[in-house]
Each structure stands twice: as C-alpha cells, then as structure tokens.
Amino acid sequence: MPVINLIAVGLPIALGVVMIGTGAVNFAGPSLARENFALWGYPAGFHRVAGSLGVVVGLLAMIPATARVGAIGSPIFMLAAVATLIRSRDWGRLPVAAVLTAACIAAIAIHG
C-alpha cells in the first residue's frame, strides 16, 4: 500500500480517536478540565458543550460517508481551541493544539 494511501486512511482515524478521546474527557469534566475552562473564561458547564462537539467531529471524521464533513469540522474546532489558548496566554498547551490543527488541515488536503 503506498504511503499516501496509508496516510489517507490512517490520518482521519487517528484524528477521530484523538477528538473522541479528548471530547469524552472534557464531557466527563474532571476537576482539571472544569478549572481549565473556567480559567479560559468559559461559563460553568461549557466543558460539556466542547466535549460533545469534539466527540461528534471525531465520529464524523472516522465514518467514511461523513469523513469529509469531519475533515472540515475538525480544524474549525481546533482553530477555536487555538484561539482560546492564545487569548488566555496558555502557551504551554498551544504547541499540541497547533500540531493537531495542522493535522486536521492535512486531512482536508488529503480528502480534497
């Protein structure tokens, strides 16, 4: 299997797993997640909104029939996360969010 085909199949699945995992953690709302959302200026309970969106986008990215929608939705979701981190000057988390955003944009490029 050519490398580009492997990436075309593997990248959306990997992004989907990451989005679903982080979304589920945010939705569950451990104290650290709730504290972070409060520090970022979001209202109480917003971790559930962000977590739900993360899970939905991750599922969309993993299902072949909706992979294009997931590929479009995931960088939008991640750009919002990057904007939040920049606005709150949370520089420690920014590199990971930026790499995930770049991977989401690469998934769009692969899916066309």
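Numbers for the structure displayed
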{"item": "Extreme residue, nearest to the chain's Cα centre (by Cα), among residues of the range 37-55 that are part of a helix (DSSP H, G or I) and free of Cβ contacts under 8 Å to residues at least 12 places away in the same chain", "result": "Val49"}
{"item": "Residue in the range 2-25 that is surrounded by 15 or more Cβ atoms within 10 Å (Cβ to Cβ) and in contact with a Phe, Trp or Tyr (Cβ under 7 Å, 6 or more places away or on another chain) present", "result": "no"}
{"item": "Hits in the range 56-86 (condition: over 20 Å from Trp40 (Cα atoms), under 13 Å from the mean Cα position of the chain (by Cα) and β-branched (Val, Ile, Thr))", "result": "Val56, Val57, Ile72"}
{"item": "Number of the exception - Arg89 against (1) basic (Lys, Arg); (2) free of Cβ contacts under 8 Å to residues at least 12 places away in the same chain; (3) under 20 Å from Ala28 (Cβ atoms)", "result": "(3)"}
{"item": "Residue list for the range 78-93, restricted to those being farther than 16 Å from Ala14 by Cα and surrounded by 16 or more Cβ atoms within 10 Å (Cβ to Cβ)", "result": "Ala81, Val82, Thr84, Leu85"}
{"item": "Scan of the range 56-68 for residues that are under 18 Å from Ile105 (Cα atoms) and part of a helix (DSSP H, G or I), ordered by number", "result": "Val56, Val57, Gly58, Leu59, Leu60, Ala61, Met62, Pro64, Thr66, Ala67, Arg68"}
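Every read-out reported here was derived from the displayed coordinates using simple, explicitly stated rules and does not represent laboratory data. Computed from a prediction, not measured in an experiment: that's the story for all the values here. Note that each Cβ is placed from the backbone with ideal geometry, even for glycine, and that neighbours are counted across all protein chains shown.
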